[in-house]
């Protein structure tokens, strides 16, 4: 029973965040501003951040499952990439939305930035951010 609880605690943040992404992907297209460029930048930034968070949570789950750091990063990016593909497929069924390879690329770049960019360079972060990182991962 303890092992099931531990696995649940490791993975429920990933599942919960995937559900948040699924929910937002289920909404019809919403115009955030009348200026196309700002609307585009806002939505693509949201893609980037959503998948940066997903990759970070997935990385954390793999670490807690005793997967080594480099492999955990790799698996987190691959998981995020695959989820991005399924998310775009899901959007093909949502009125006013459709799949876009560009979004998969942006999502994957968010995952790569979060894992390789932040996690591998955490020692270059200010001490306060390093402490936050350590609390989050442990």
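No value in this document is a laboratory result; all are computed from the given coordinates. No experiment lies behind these values; they were computed from the predicted model shown. A quick note on method: Cβ atoms are made from the backbone with ideal geometry, for glycine too, and the neighbour counts reach across all protein chains shown.
Only a single criterion out of (1) free of Cβ contacts under 8 Å to residues at least 12 places away in the same chain; (2) in contact with a helix residue (DSSP H, G or I) (Cβ under 8 Å, 6 or more places away or on another chain); (3) assigned to a loop (DSSP other than H, G, I, E, B); (4) more than 22 Å from residue 11 (Cβ to Cβ) is not satisfied by residue 67, namely (4). Candidates are the residues of the stretch 74-105 that are more than 11 Å from the chain's Cα centre (by Cα) and in contact (Cβ under 8 Å) with a residue 60 or more places away in the chain; the one that is nearest to residue 55 (Cα to Cα) is 87. Here is the figure for the stretch 2-45: residues that are farther than 23 Å from residue 137 by Cα and either in contact (Cβ under 8 Å) with a residue 12 or more places away in the chain or not in a helix (DSSP H, G or I) (or both) total 14. If you go through the stretch 54-73 and keep only what is surrounded by fewer than 19 Cβ atoms within 10 Å (Cβ to Cβ) and closer than 20 Å to residue 7 by Cα, you end up with 64, 65, 66, 67, 68, 69, 71.
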